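K.L.:
One structure follows; several queries about it will come next.
The values are calculated or read from the model by the stated rules, or taken from the named source; none is laboratory data. On a predicted model such as this, the values are computed, not experimentally measured, just so you know. Cβ sites come from the backbone with ideal geometry, for glycine too, and all protein chains shown count toward neighbours. Note: areas computed on protein heavy atoms with side chains; ligands, DNA, RNA excluded. Shrake-Rupley method; radii C 1.70, N 1.55, O 1.52, S 1.80 Å.
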Amino acid sequence: MASKESPEKSGRLKQIRLAYKMTKKSDKWVGLVVAAWGLGVFGVFLAIGFLIDHYIILGIIGLLFGLVAAAFVFGRRAEKAVLGDMAGQPGAAAAVLQSLRRGWVVTPAVAVTRNQDVVHRAVGQAGIVLVGEGQPSRVGNLLAAEKRKMSKIAEGVVVTDVIVGDGEGQVPLRKLQGHLVKLPRTMSKAQVAQINDRLRALGSLMDNMPVPKGPMPRNARMPRGPRR
């Protein structure tokens, strides 16, 4: 049993060390801040324990809560550092969207240009959210075209468009997940499932549609249906 647990523990410790090293590159105070939170919470509990003459019990509780506080603060600062490194890189928004909690169905790169402007789609109880990343003027046109398409496919569903960036009217990458979570809910879970089924069916239809090989003849016309 012990031999099975030790590799797992060493693996977790290795991951923590690696995460700490990566975070420290862009957040040099991370160690001091995390330690201050952990010791601060422990100190508060211990001080209360001395006041009420239960310092052993409250010291143990304070140690546990201090470790939880330190882990929470480290996690938030590590996440912030990672998002800071990812900002501006193609596909960064898709990575953030795919880490959303349950209730969202994310489809990366539903529309792409040769200049690496890209639109991702997230469907949840807030409706359809289109997230664009790239050059603002180009991705704005791409979002508008995708929004018109979604409005036809899912008539009556709220379609929201977001551009990821630090400019005016844009949403920073580090705030993207929170921005989507705060959007007002306009659909039930059953309606969300229906919209996702419809989009999935249309996607499969487009993928399976036969495409003729070779260049299209200039004088070629679409075949007409049978006359009645």
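K.L.:
Within the bounds of segment 90-98, is there any residue that is modelled with pLDDT under 80, within 15 Å of the chain's Cα centre (by Cα) and at positive phi?
P.N.:
yes
K.L.:
Given (1) surrounded by 14 or more Cβ atoms within 10 Å (Cβ to Cβ); (2) modelled with pLDDT under 80; (3) of a type outside the set (K, R), identify the lone condition not met by F45.
P.N.:
F45 satisfies all of (1) surrounded by 14 or more Cβ atoms within 10 Å (Cβ to Cβ); (2) modelled with pLDDT under 80; (3) of a type outside the set (K, R) except (2).
K.L.:
A further question follows. Would you mind stating whether N115 is without any contact (Cβ under 8 Å) to a residue 40 or more places away in the chain, in contact with a Lys or Arg (Cβ under 7 Å, 6 or more places away or on another chain) and open to solvent by 60 Å² or more (accessible area, probe 1.4 Å)?
P.N.:
Yes.
K.L.:
May I pose another question? On the basis of being of a type in the set (A, V, I, L, M, F, W, C), farther than 17 Å from A109 by Cα and either surrounded by 13 or more Cβ atoms within 10 Å (Cβ to Cβ) or at pLDDT 85 or above (or both), does A145 make the cut?
P.N.:
Here the answer is no, as A145 does not meet what is asked.
K.L.:
Any residue in segment 128-141 that is under 18 Å from V192 (Cα atoms) sitting within a Cβ distance under 8 Å of a residue that is among the charged types (D, E, K, R) and assigned to a helix (DSSP H, G or I)? List the pairs, counting only those 6 or more apart or interchain.
P.N.:
L130/E146; L130/K147
K.L.:
Please enumerate the residues belonging to segment 152-165 that are out of contact with any strand residue (DSSP E or B) (no Cβ under 7 Å at 6 or more places or on another chain), in contact (Cβ under 8 Å) with a residue 12 or more places away in the chain and open to solvent by 40 Å² or more (accessible area, probe 1.4 Å).
P.N.:
We begin by selecting, within segment 152-165, every residue out of contact with any strand residue (DSSP E or B) (no Cβ under 7 Å at 6 or more places or on another chain); these are 152-153, 155-156, 165.
With the extra rule that they be in contact (Cβ under 8 Å) with a residue 12 or more places away in the chain, the set shrinks to 153, 165.
If the condition is that a residue be out of contact with any strand residue (DSSP E or B) (no Cβ under 7 Å at 6 or more places or on another chain), in contact (Cβ under 8 Å) with a residue 12 or more places away in the chain and open to solvent by 40 Å² or more (accessible area, probe 1.4 Å), then I153 is the only one that fits.
K.L.:
Residues being open to solvent by 50 Å² or more (accessible area, probe 1.4 Å) and over 20 Å from the mean Cα position of the chain (by Cα): count how many of those fall in segment 177-187.
P.N.:
Matching residues across segment 177-187 total 1.
K.L.:
Something else now. Scan segment 43-65 for residues that are of a type in the set (A, V, I, L, M, F, W, C) and in a loop (DSSP other than H, G, I, E, B) and report the count.
P.N.:
Matching residues across segment 43-65 total 1.
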